[in-house]
Amino acid sequence: MSSSTPNLGTENRELRTGNPTEVLTAAVLTVSDSCAKGDRVDLSGPAVVEALTRHKFSVVATEVVPDETLAISNAIVLLTGEARLVVTTGGTGIAQRDVTPEATRMVCTRTVEGVAERMRAEGIKKTPLAALSRGICGVREKSVVLNVPGSPKGAVESLEAVIDLLPHALELLAGNTKHD
């Protein structure tokens with residue numbers, strides 16, 4: 001992994017798990033050959049961090065890795081150990097090096113198809129190219145892994161399309177399965 005930034009979030013949203021100190025933690029993983037090499041500045045990762053922080057997530061780490069299946073899957077494993085939500089940005093298209101969904105599937109035990117469907121459905125309202133996104137949402141232990149596109153605008157729009165679902169998903173994974 002090329003970089004790591006701890007504790008970027010300033011305000012925290014607590015999970016309703018009976019543990020008042022448990023907060024919604026997030027990590028952002030940028031998948032980009034050019035950013036990993038230092039040939040391009042990462043714009044998508046910081047845009048996702050800003051969106052998460054606006055929604056009261058505490059961003060505890062950021063990473064940048066190349067478009068390589070093993071590097072992506074290893075980073076996801078490490079980041080799910082630190083955060084309840086891992087948002088990856090980049091590598092979700094149909095180009096040959098776009099392997100983020102495959103790397104995510106390798107380390108997740110389940111997929112949450114409805115979340116990815118909602119991101120694409122909302123994206124298609126803005127651009128027909130959103131139909132080419134292969135991003136997925138998966139579960140690894142008690143964490144959610146969400147793939148969003150690599151463009152800053154597409155990444156934030158995709159995240160915003162599902163951000164309201166994520167706290168409840170994390171509560172369910174934390175064991176809060178009571179129904180009102």
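Restricting attention to segment 42-59 and to residues that are of a type in the set (A, V, I, L, M, F, W, C) and out of contact with any Pro (no Cβ under 6 Å at 6 or more places or on another chain), the residue that is most open to solvent (accessible area, probe 1.4 Å) turns out to be Val49. Ala51: outside any strand (DSSP E or B) and in contact with a Leu (Cβ under 6 Å, 6 or more places away or on another chain), yes or no? Against the criterion (outside any strand (DSSP E or B) and in contact with a Leu (Cβ under 6 Å, 6 or more places away or on another chain)), Ala51 qualifies. Taking residues in segment 21-43 that are closer than 19 Å to Leu79 by Cβ and free of Cβ contacts under 8 Å to residues at least 40 places away in the same chain, and partners anywhere that are of a type in the set (S, T, N, Q) and buried (at least 18 other Cβ atoms within 10 Å of the Cβ), the pairs with Cβ atoms closer than 6 Å and at least 6 places apart or on different chains are Val23/Ser58; Asp42/Thr30.
Tell me which residues, restricted to segment 132-180, are of a type in the set (Ser, Thr, Tyr) and farther than 12 Å from Val115 by Cα. Can you show your working first?
Within segment 132-180, the first condition is being of a type in the set (Ser, Thr, Tyr), and the residues that meet it are 133, 143, 151, 158, 177.
Within segment 132-180, Ser133, Ser143, Ser151, Thr177 qualify.
When segment 121-159 is filtered for residues that are farther than 21 Å from Thr25 by Cβ, within 15 Å of the chain's Cα centre (by Cα) and open to solvent by 20 Å² or more (accessible area, probe 1.4 Å), the ones remaining, listed by number, are Ser133, Arg134, Pro149, Gly150, Ser151, Pro152, Lys153, Glu157.
Just to verify a result, which residue in segment 18-41, among those that are among the β-branched types (Val, Ile, Thr) and surrounded by 14 or more Cβ atoms within 10 Å (Cβ to Cβ), is modelled with the lowest pLDDT? Quick ask: steps written out before the conclusion?
Keep residues of segment 18-41 that are among the β-branched types (Val, Ile, Thr), which gives 21, 23, 25, 28, 30-31, 41.
Keeping just the survivors that are surrounded by 14 or more Cβ atoms within 10 Å (Cβ to Cβ) gives 23, 25, 28, 30-31.
Values: Val23: 74, Thr25: 98, Val28: 98, Thr30: 98, Val31: 98.
Once the filter is applied, the top-ranked residue is Val23.
Would you confirm whether or not segment 107-118 contains a residue that is in contact (Cβ under 8 Å) with a residue 40 or more places away in the chain, surrounded by fewer than 23 Cβ atoms within 10 Å (Cβ to Cβ), charged (D, E, K, R) and out of contact with any strand residue (DSSP E or B) (no Cβ under 6 Å at 6 or more places or on another chain)? For segment 107-118, residues in contact (Cβ under 8 Å) with a residue 40 or more places away in the chain, surrounded by fewer than 23 Cβ atoms within 10 Å (Cβ to Cβ), charged (D, E, K, R) and out of contact with any strand residue (DSSP E or B) (no Cβ under 6 Å at 6 or more places or on another chain): present. Please specify each residue of segment 72-100 satisfying the condition of being surrounded by fewer than 22 Cβ atoms within 10 Å (Cβ to Cβ), touching a residue at least 24 places away in the same chain (Cβ under 8 Å) and closer than 20 Å to Ser151 by Cα. Listed by number, the residues that qualify are Gly93, Ile94, Arg97, Asp98, Val99.
The values are calculated or read from the model by the stated rules, or taken from the named source; none is laboratory data. This one's a predicted model, so the numbers in the text were calculated from it and none came from an experiment. So basically every Cβ, Gly included, is an ideal-geometry build from the backbone, and we count neighbours across all protein chains shown. The accessibility values were calculated without ligands, DNA or RNA, using every heavy atom of the protein model including side chains. Shrake-Rupley method; radii C 1.70, N 1.55, O 1.52, S 1.80 Å.
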